[in-house]
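What follows is calculated from the coordinates using simple rules that are stated; it is not laboratory data. Keep in mind that this is a model prediction, so the values were computed, not measured. Virtual Cβ from ideal backbone geometry, glycine too; neighbours counted across all protein chains shown.
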Amino acid sequence: MDFIFIEELRLETLIGVYDWERHRRQTIQIDLEVGLRDRHAAASDDVADTVDYGAVAERLRRLAAESEFALIESLAETIADIILGEFKAAWVKARVTKLGLMRDAKRVGIVIHREASSLK
């Protein structure tokens, strides 16, 4: 099983259920593992034959800049839908973390795993 990964992609976005969260951008961290459908890219040595992690990062930057979510669960699901739908990945494991939200916890977040076969 081959996959690409992006670790500690930090983005600013509006996210949260509390009033103070709705008016101030917060830093979130995204960690991804993205399953490749085959090994064709290894043979062709062509970025067009794989999931371009630079394009993925740019797409997630746009998502964070343009969107508002109440729940990180919704954000994580949207990320998974983008990776599976737009980038045609076989599967995705997405970790979305809110940093410094709780005084006694360094991070809070969610991890989801979705497969292309689970698309609606």
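Report the calculated FRET efficiency for residue 29 and residue 55 (r = Cβ-Cβ distance, R0 = 25 Å), to the nearest 0.05. So the FRET efficiency works out to roughly 0.80. Partners of residue 88 within straight-line reach, counting aspartates and glutamates whose Cα lies under 17 Å from its Cα and excluding those fewer than 8 residues away in the same chain: 2, 33, 38, 46, 49, 52, 58, 77, 115. Residue ranges 107-115, 30-38 sort as 30-38, 107-115 when ordered by packing (mean number of other C-beta atoms within 10 Å per residue, highest first).
Loop-located chymotrypsin sites (Phe, Trp or Tyr not before Pro) across segment 7-100 with a Cβ neighbour count of 10 or fewer within 10 Å are 18, with loop assigned by DSSP. Entry for the chain at q = 0.14, 0.18, 0.21 Å⁻¹: log10 I(q)/I(0) = -0.59, -0.90, -1.15, Debye formula applied to identical alpha-carbon scatterers, no solvent contribution. Counting only residues at least eight positions apart within a chain, or on another chain, the aspartates and glutamates with an alpha carbon under 15 Å from that of residue 106 are 8. In this simple spin-label model, placing a label point 7 Å from the Cα along the Cα-to-Cβ direction at both residue 48 and residue 70 gives a separation of 4.5 nm. What residues from segment 54-87 fall in the zone where the backbone N is under 19 Å from a label point 7 Å along the Cα-to-C-beta line of residue 40? Taking a point 7 Å out along Cα→Cβ of residue 40, the residues of segment 54-87 whose backbone N falls under 19 Å are 54-56, 83-87.
Residues 61, 103, 10, ranked from the fewest to the most other C-beta atoms within 10 Å, line up as 103, 10, 61.
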